[in-house]
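Contents: one structure, followed by commentary.
Taken together, the values in this text are just the output of simple stated rules run on the coordinates, not laboratory data. Everything numeric here is computed off the predicted structure, so don't read it as measured data. Note that we place each Cβ from the backbone using ideal geometry, even for glycine, and neighbour counts take in every protein chain shown.
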Amino acid sequence: MAKGNVSLSVIRRLPRYHRFLRELSDNGIVRISSGDLSKRMGLTASQIRQDLNCFGGFGQQGYGYNVKDLYDEISKILGLGIPRKTVLIGAGNLGRAVTQHMDFSARGFQLIGMFDTNPSLIGQKIGGVEIYDSSLIGEFCEKHHPAVAILCIPKEAAYELAAVLISHGIKGFWNFSHYDLTIDYDGIAVENVHLGDSLSTLCYRIHELECPNGEQRLNEQPPN
Ligand code: NAI
């Protein structure tokens, strides 16, 4: 199947396969059956086969998967071999947390600069990466050609900056701001990250366990 025809749900499972295979490889496991992999990952063996078949299928009947080979193949599919130059906008609480806790190089990214409007932050370094004045972003992009921007800024700032960044060659956004970038931009890859959405989904699922009866859910009063 051509890469462009693979469903987003399959693509979203790839990093998880990748992570599990990495752990297996780190633990010295050379080969694994689709049944064993499925038990560890909480998926069905047929789901795993279907997912991997989207990219040609990598297992062998009676052998299963070679862990290292499959890990390398998924790395290639994810495009992890080519580090994408990346800038982070907004070196506040979230920007710092993302910078300090994310292993960008393991995921195919290279953080080359951070930007903020707060003069007291400019010139500081986080994890060896310098914070520059936000007004210099265009100049920086023309010189260093980053392809990706991580947005850790308020909604209004993201709205204003997105167009500027795109005009300077940014092709992908890891967007933590509450501005929903996909609404306005075609041909740009966007991953919107909303921790609040994930928490609300958890809320729904807990609620579902507590009262599976839909009517009861609708008649319930929200908490004060
Ligand atoms: P913060 O106030 O600690 O940091 C925001 C930083 O952005 C500040 O350093 C500020 O000077 C800078 N900034 C503002 N306008 C800018 C611009 N035009 N260019 C460059 N820098 C600019 O806030 P925090 O906690 O880091 O959150 C940042 C944003 O992320 C907030 O708007 C918040 O709503 C959002 N957020 C989203 C989450 C999510 O799950 N998507 C989770 C937490 C926060």
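Across 5 Å bins from 0, what is the distribution of all Cα-Cα pair distances for segment 1-124, in whole percents? Histogramming segment 1-124 at 5 Å steps yields 2, 9, 17, 18, 15, 11, 9, 8, 5, 3, 2, 0, 0 percent. In the frame of its principal axes, segment 68-146 has Cα extents of 48, 27, 16 Å, reported largest first. The alpha carbon gyration tensor of segment 84-196 gives principal lengths a ≥ b ≥ c with a/c below 1.5, which makes the shape rounded. Specify which residue in the list LEU202, THR117, CYS141 is farthest towards the positive end of the charge dipole of segment 110-212, using unit charges on the beta carbon of Lys, Arg (+1) and Asp, Glu (-1), about the Cα centre. Highest projection toward the positive end goes to CYS141.
The mean sequence separation of alpha-carbon pairs under 8 Å and at least six residues apart, normalised by the residue count of segment 1-160, gives a relative contact order of 20 percent.
Determine the distance separating the Cα centre of segment 26-46 from the Cα centre of segment 84-142; give it in Å without decimals. So the two Cα centres are separated by 37 Å.
Taking max minus min of the alpha-carbon positions on each principal axis, segment 8-78 gives extents of 31, 22, 22 Å, largest first. As a size descriptor, the averaged projected area of the C-alpha convex hull of the chain was calculated at 16.9 nm².
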